[in-house]
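*Asks:* The structure is given below, and queries will be raised subsequently.
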Amino acid sequence: MIGIFGGSFDPPHKGHQEIIRKFWEKFPDAKNLLIIPNHISPLKEKKSATKKNILEMLNLMLEGFDQTKNILRKDEIENEKVSYTIDTLLRLRREFGEEEIFLLIGEDNLESFPRWKEYTKILELASLLVFRRKIENSRMIPDSIPQAKILFMNNEIIPASSTEIRDDLRNGKINNYLPVRISDYITKERLYFD
């Protein structure tokens, strides 16, 4: 089994660490967890940090994990195009054959999932591993997604948001959701301060 954890990671934070930790707690025998930072998400604007900065911050975040099983993939971030999940999955399906694939998403993304490019094809290629992001336990599943393709995780909710972290840093506020190594790196590189 392969897990795929994609996103902007601009910057990576403690919520991302919790997702990785919970994935391995739930699936200790998984083959790999692929961490795949995107270049540009179809639903977001351009990033605040450079790809070099994001890759360095992700490497710092992954120092606390088994790096033989948590693989940082650079294919999307170096592609310099809008990143579509379907394209990533088609590429990984060619690479991993019939290996079971779980796509890790937050429950906030589950609600908008039917708007993703070729979402029904995504569900043919992978199942969804959905992480809690909200305090209330709504779990609104769109009618168009088969329940058999969704597994909910009972992870600790860490109300971290990369957008809020960037805003806090621009406003001179300390944000407790940044791991120390990443916070030190951001300060050293003067990221997000203007």
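*Asks:* Could you give each residue of the range 77-86 its phi-based ³J(HN,Hα) in whole Hz, using Karplus coefficients 6.51, -1.76, 1.60 with θ = phi - 60°, and x for Gly or Pro?
*Replies:* Calculated HN-Hα couplings, in order: 5, 8, 5, 6, 10, 4, 9, 10, 4, 4 Hz.
*Asks:* Also: Can you list the aspartates and glutamates whose alpha carbon is less than 19 Å from that of K47, not counting same-chain residues fewer than 8 positions off?
*Replies:* Result set, ordered by chain and number: D10, E56, D75, E76, E78, E80, E164, D167, D168, E189, D194.
*Asks:* Now for a separate question. What FRET efficiency do you get for K51 and N154 if R0 is 35 Å and r is their Cβ-Cβ distance, rounded to the nearest 0.05?
*Replies:* 0.55
*Asks:* Based only on other Cβ atoms within 10 Å, what is the fewest-to-most ordering of H39, H16?
*Replies:* Listing H39, H16 from fewest to most nearby Cβ atoms yields H39, H16.
*Asks:* Once you put a point 7 Å from the Cα of R21 and another 7 Å from the Cα of D194, both along the Cβ direction, what distance in nm separates them?
*Replies:* With each label placed 7 Å out from Cα toward Cβ, I get 3.6 nm.
*Asks:* Here's a follow-up. Mind listing the long-range amide H neighbours of N70? Cut-off is under 5 Å, sequence gap 5 or more, other chains count too, H placed in the peptide plane at 1.01 Å from N.
*Replies:* L33
*Asks:* Enumerate the lysines that K22 could reach by cross-link, defined here as Cα to Cα under 21 Å, with residues fewer than 8 away along the same chain left out.
*Replies:* K22 reaches K14, K31, K69, K134, K149.
*Asks:* With axes computed from alpha carbons, what is the tilt in degrees of helix 14-26 against the longest principal axis of the chain, rounded to the nearest 10 within 0 to 90?
*Replies:* 40 degrees
*Asks:* Another question about this same structure. What is the set of long-range amide H partners of I101 at a cut-off below 5 Å, with H atoms built 1.01 Å from backbone N?
*Replies:* I2, S127
*Asks:* With +1 assigned to the C-beta of every Lys and Arg and -1 to the C-beta of every Asp and Glu, and no other charges, what is the dipole magnitude of the chain about the Cα centre in debye, to the nearest 20?
*Replies:* That gives the chain a dipole magnitude of about 240 debye.
*Asks:* Taking the Cα centre as origin and putting +1 on Lys and Arg beta-carbons and -1 on Asp and Glu beta-carbons, what dipole magnitude results for the range 1-63, to the nearest 20 debye?
*Replies:* That gives a dipole near 160 debye.
*Asks:* Assuming R0 = 22 Å, can you tell me the calculated FRET efficiency for the pair K31 and R91, based on Cβ-Cβ distance, to the nearest 0.05?
*Replies:* Efficiency at R0 = 22 Å is approximately 0.85.
*Asks:* Starting from the Kirkwood radius over alpha-carbon pairs of the range 46-194, derive D by Stokes-Einstein at 4 °C in a medium of 1.567 mPa s and give it in µm² s⁻¹.
*Replies:* 73 µm²/s
*Asks:* Same structure, new question: Skipping prolines and chain starts, which residues have an amide H placed within reach, meaning under 5 Å, of the one on S8, given they are 5 or more residues away or on another chain?
*Replies:* Sorted by chain and number, the residues that satisfy this are N38.
*Asks:* Which of the GluC sites (Glu not before Pro) found in the range 31-65 are loop residues per DSSP with 12 or fewer other Cβ atoms within 10 Å of their Cβ?
*Replies:* Loop-located and lightly packed - E45, E63.
*Asks:* When the Karplus curve 6.51 cos²θ - 1.76 cosθ + 1.60 is applied with θ = phi - 60°, which whole-Hz ³J(HN,Hα) does each residue of the range 183-191 get, with x for Gly and Pro?
*Replies:* In residue order, the calculated couplings are 4, 4, 5, 4, 5, 4, 8, 6, 8 Hz.
The numbers here are math on the coordinates, done by the rules we state, and not lab data. Computed from a prediction, not measured in an experiment: that's the story for all the values here. Ideal geometry is used to build each Cβ from the backbone, glycine not excepted, and the neighbour counts take in all protein chains shown.
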